[in-house]
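Engineer: Structure in structure tokens, see below.
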Amino acid sequence: MKKVLAYLPLHFLVLLVVGILCQFYLKIWTFSFVAIPFFILFLLIVFIFSKKILRTLTGLILFFFLGIFLVFIQNDTNYPNHYVKYLEDDSLAVVKIRKILKENQYNKKFEAEVIQLGDVLTKGKVLVNISKEDTVNALFVDDLLVVNADFKAINSPYNPYQFNYKLYLQKQGIPQQLFLKNNQYKHLKSINNSWLGYANLLRNKIHRSLEKFNFKPNELAVINALLLGNRENISKQLLEDYANAGAIHILAVSGLHVGIILLLLSTLLKPLEQLKNGKFLKTVIVVLSLWVFAFIAGLSASVIRAVTMFTFVAIGLFFNRNNIVLFSLISSLFFLLIFNPLFLFDVGFQLSYLAVFGIVILQPKMYSIWQPNYKIMDKFWQLATVSLAAQIGVLPLSLYYFHQFPGLFMLSNLIIVPLLGFILIGGIVVIILALLNVLPQFLADFYGLIISLMNNFVSWISKQEDFLFTEISLSFQAMFAIYLVIAFGIYFFIYQKTKSLVYFLFTVLLLQGVVLFENYQKKTKNEFIIFHKSRHTVLGERVGVVLKIKHDISHENIQHENAILSYTLNQKIDSTIFDSLPSILQFNKKKLLIVDGLGVYDIPNLKQPIVLLRSSPKINLERLIKVLTPELIIADGSNYKSYVRDWALIASKRKIPFYNTNKKGAFIFNN
């Protein structure tokens, strides 16, 4: 472990990550591209001509700024030819499909690049939404669309603690989106295909070949996910089953799949090591095979990351030195972040590396605790320790993102993972035979039966609800503290020295401090929220751990309202009380007058209230302002947009603050 901590690329990696985070969130570098090479040249000169200590410090600073520059360069909006700089009303654009995304209830979704806007050659990504009702022709990677529609900025979440889709797309480099119907675009087939285009064509050909053999919908969907990296056709229920069973990673081509393929190939090709230069030949064949698999799986970002990771591992194994796998993982992580620094913000990327680091660092120590006498028990013990080590690596992050913990994950992995290697190899054989049109139907039926048995087992596991722990809220600070406890706990577990014990106990105290502080905040926090809800009004009064909801929604629907569920989960609310809307509310000496469709506002002795306009009341707002002289006027999502525009103009004219939840999101009064 000391050799790993002294490994120079690890230090460079840490500084690189810090630089990436600083530039992404703080925008440290705002200068032009021209200044970047001069700044790097200055650091290199200092590095070359300085003394050892200063040289080391300069080297670390160099990688810190490298992280900053990589994020700056990766951000297409910093380029002078980014399409956002040329947007006009009804702009005619040419966009090229780069990725086919999972569709939703209303639209098919695609990631595309805007290659031309008007007469200007441009760059930059856009999210394309095409109405499912109007879509006629299927779209493929590299297809061109001539678009005549408005580009729209992606909205931030309207309510607190909801999923921030805008930030998610920002991390993918997508600042705008298009909503299209048939009369708003012309579809052109691409003449020149990219590598992604050829990979997509191959996947489509494989899919069509497999369709001939009467696989059930869920069987074919899982085969596509396991081998082609395509989860578009998996039903929502099946996805939930795999998630609840702790086996969702099975459905995404990731480090697990590539690692299993690497292990199988290394075992099958081991006889080559007996030849002269056989070990080198074996490594070349393994690496080439991994990249062929990546091509078949569509060259998606997650597949490329996984194959790159295990390419470094395969090369590391060739040298056969202590800790070489750990060194290889650090090197692959460094290389991938140099290639694309925004990978750092991808949840799959984070989970993959944490799982593999957990396995490499922790599993050997866990396995050494017990040495089974029987080989079959030894294999299960190996698998159990691998699964547990991976789960320890990803658990805090999983709780932070997904708020649930599948208690039967060990059972799922003990049954499925040993079979996954055979399923992957068998699937590759089935695909090759299907492409050659020589796949026997009985073999297709047998393979489909195995997939169905796996699906049924996962569904059974997911229905054991007593072992599924949901609605677990974990803050970023608590997650970070838990990882410190895990890291120093492993450090103590390995070295078992007094100093390492002190470090471990200190991190435990730090975690306890974070938990106590958050509990104190939870119990003392008071606030009043006007949520944004289209066509409805939802108010929340939070006093400590109790949330009182006033609303005009049916009792059945309000129980499942996403805005309220997100708030209660994130803020660890213990009790939620639902009630109907009153006419007047008071919070911290402020009075809130609710003016609804009846238009009643002339209340005796009521002066300078906060006024909430709901259900599009037909009122004379100037008269209301004259009678009440309100401190603030708020319009929520239950109003007609045309009414809200008129009210905003009148309020501006009378110099009264006006808040529109449809533009600014929920309004929050704090204590």
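Engineer: Report whether or not residue 459 is within 27 Å of the chain's Cα centre (by Cα) and either part of a loop (DSSP other than H, G, I, E, B) or polar (S, T, N, Q) (or both).
Structural biologist: yes
Engineer: Something else about it: If you take the residues in the range 170-191 that are farther than 17 Å from residue 130 by Cβ and modelled with pLDDT of 85 or more, which one is surrounded by the most Cβ atoms within 10 Å (Cβ to Cβ)?
Structural biologist: 175
Engineer: Filter the range 13-42 down to the residues that are modelled with pLDDT under 85 and assigned to a helix (DSSP H, G or I), then identify the one that is nearest to the chain's Cα centre (by Cα).
Structural biologist: That would be 36.
Engineer: Right, another one. Among (1) part of a strand (DSSP E or B); (2) in contact with a strand residue (DSSP E or B) (Cβ under 6 Å, 6 or more places away or on another chain); (3) not polar (S, T, N, Q), there is one condition residue 553 misses while meeting the rest; what is its number?
Structural biologist: Only one criterion in (1) part of a strand (DSSP E or B); (2) in contact with a strand residue (DSSP E or B) (Cβ under 6 Å, 6 or more places away or on another chain); (3) not polar (S, T, N, Q) is unmet by residue 553, namely (1).
Engineer: A follow-up question, please. Determine which single condition residue 337 fails, assuming it passes every other condition in (1) over 21 Å from residue 70 (Cβ atoms); (2) in the same structural domain as residue 277 (by TED's automatic domain parsing).
Structural biologist: (1)
Engineer: Every residue in the range 225-240 that is among the acidic types (Asp, Glu) and within 21 Å of residue 206 (Cβ to Cβ), please.
Structural biologist: If the condition is that a residue be among the acidic types (Asp, Glu) and within 21 Å of residue 206 (Cβ to Cβ), then 232 is the only one that fits.
Engineer: Could you list, in sequence order, the residues of the range 156-170 that are in contact (Cβ under 8 Å) with a residue 40 or more places away in the chain and outside any loop (DSSP other than H, G, I, E, B)?
Structural biologist: Within the range 156-170, 169 is the sole residue that qualifies.
Engineer: Could you please let me know if residue 452 is closer than 21 Å to residue 256 by Cα and either modelled with pLDDT of 90 or more or assigned to a loop (DSSP other than H, G, I, E, B) (or both)?
Structural biologist: So residue 452 fits the description; yes.
Engineer: Restricting to the range 526-543, what's the tally of residues that are out of contact with any strand residue (DSSP E or B) (no Cβ under 7 Å at 6 or more places or on another chain) and more than 19 Å from residue 583 (Cα to Cα)?
Structural biologist: Selection size over the range 526-543: 1.
Engineer: In the range 522-534, what residues are surrounded by fewer than 13 Cβ atoms within 10 Å (Cβ to Cβ) and under 30 Å from the mean Cα position of the chain (by Cα)?
Structural biologist: Matches in the range 522-534: 534 only.
Engineer: Now for a separate question. What helices (runs of 4 or more DSSP H) lie completely within the range 171-249 and have 3 or more residues being more than 30 Å from residue 464 (Cα to Cα) and not small (Gly, Ala, Ser)?
Structural biologist: Here the list reads 195-211.
Engineer: Okay, moving on. With respect to residue 221, is the statement that it is surrounded by 21 or more Cβ atoms within 10 Å (Cβ to Cβ), closer than 20 Å to residue 423 by Cα and in contact with a strand residue (DSSP E or B) (Cβ under 9 Å, 6 or more places away or on another chain) true?
Structural biologist: No: the conditions fail for residue 221.
Engineer: Another one. Look through 568, 576 and report the one residue that is under 40 Å from the mean Cα position of the chain (by Cα), of a type in the set (Val, Ile, Thr) and in a helix (DSSP H, G or I).
Structural biologist: 568
Engineer: Kindly check whether there is at least one residue in the range 181-191 that is under 30 Å from residue 400 (Cα atoms) and either touching a residue at least 24 places away in the same chain (Cβ under 8 Å) or charged (D, E, K, R) (or both).
Structural biologist: No, that holds for no residue.
Engineer: Residue 205 passes all but one of (1) modelled with pLDDT under 85; (2) surrounded by fewer than 19 Cβ atoms within 10 Å (Cβ to Cβ); (3) of a type in the set (D, E, K, R); (4) within 17 Å of residue 142 (Cα to Cα); which number fails?
Structural biologist: (1)
Engineer: Given the residues 258, 313, 303, 325, which is the only one that is within 23 Å of residue 387 (Cβ to Cβ), touching a Phe, Trp or Tyr at 6+ places or on another chain (Cβ under 6 Å) and not aromatic (Phe, Trp, Tyr)? Break it down stepwise before answering.
Structural biologist: Values: 313 fails: touching a Phe, Trp or Tyr at 6+ places or on another chain (Cβ under 6 Å); 303 fails: touching a Phe, Trp or Tyr at 6+ places or on another chain (Cβ under 6 Å); 325 fails: touching a Phe, Trp or Tyr at 6+ places or on another chain (Cβ under 6 Å).
Result of the check over 258, 313, 303, 325: 258.
Engineer: Run residue 381 past the list (1) farther than 30 Å from residue 463 by Cβ; (2) in contact with a Pro (Cβ under 7 Å, 6 or more places away or on another chain); (3) outside the structural domain of residue 285 (by TED's automatic domain parsing); (4) not basic (Lys, Arg) and report the number of the one that doesn't hold.
Structural biologist: Result: residue 381 fails condition (1) only.
Engineer: Would you mention how many residues in the range 110-137 are out of contact with any Phe, Trp or Tyr (no Cβ under 8 Å at 6 or more places or on another chain) and either crowded, with 17+ Cβ neighbours inside 10 Å or more than 22 Å from residue 236 (Cβ to Cβ) (or both)?
Structural biologist: Within the range 110-137, residues that are out of contact with any Phe, Trp or Tyr (no Cβ under 8 Å at 6 or more places or on another chain) and either crowded, with 17+ Cβ neighbours inside 10 Å or more than 22 Å from residue 236 (Cβ to Cβ) (or both) number 12.
Engineer: Right, next: Going by what's in this entry, would residue 581 be described as farther than 19 Å from residue 653 by Cβ, touching a Lys or Arg at 6+ places or on another chain (Cβ under 6 Å) and of a type outside the set (Asp, Glu)?
Structural biologist: yes
Engineer: Same structure again: Sort out which residues of the range 251-260 are hydrophobic (A, V, I, L, M, F, W, C) and surrounded by fewer than 23 Cβ atoms within 10 Å (Cβ to Cβ), and write them in order of number.
Structural biologist: Across the range 251-260, the qualifying residues are 251, 252, 256, 260.
Engineer: Could I ask something else about it? Any idea which residue in the range 546-560 is surrounded by the most Cβ atoms within 10 Å (Cβ to Cβ), counting only those that are farther than 24 Å from residue 593 by Cβ and under 29 Å from the mean Cα position of the chain (by Cα)?
Structural biologist: Selected residue: 559.
Engineer: On to the next question. Is it true that residue 413 is in the same structural domain as residue 228 (by TED's automatic domain parsing), part of a helix (DSSP H, G or I), within 28 Å of the chain's Cα centre (by Cα) and of a type outside the set (Gly, Ala, Ser)? Before you say what the answer is, go through the steps one by one.
Structural biologist: Values: in the same structural domain as residue 228 (by TED's automatic domain parsing): no; part of a helix (DSSP H, G or I): yes; within 28 Å of the chain's Cα centre (by Cα): yes; of a type outside the set (Gly, Ala, Ser): yes.
No, not satisfied.
Engineer: State all residues of the range 615-634 that are of a type outside the set (Asp, Glu) and not in a helix (DSSP H, G or I); if no residue qualifies, say none.
Structural biologist: Within the range 615-634, 615, 616, 617, 618, 619, 620, 629, 630, 632, 633, 634 meet the criteria.
Engineer: Going through the range 591-614 one residue at a time, which ones are over 20 Å from residue 551 (Cβ atoms), among the charged types (D, E, K, R) and either in contact (Cβ under 8 Å) with a residue 24 or more places away in the chain or not in a loop (DSSP other than H, G, I, E, B) (or both)?
Structural biologist: 602
Engineer: A further question follows. Could you list, in sequence order, all residues of the range 397-413 that are closer than 15 Å to residue 355 by Cα and buried (at least 18 other Cβ atoms within 10 Å of the Cβ)?
Structural biologist: 397, 398, 399, 409, 413
The values are calculated or read from the model by the stated rules, or taken from the named source; none is laboratory data. Remember, predicted model here, so these are calculated numbers, not experimental data. Counting neighbours? That spans all protein chains shown, and the Cβs are built from the backbone with ideal geometry, glycine included.
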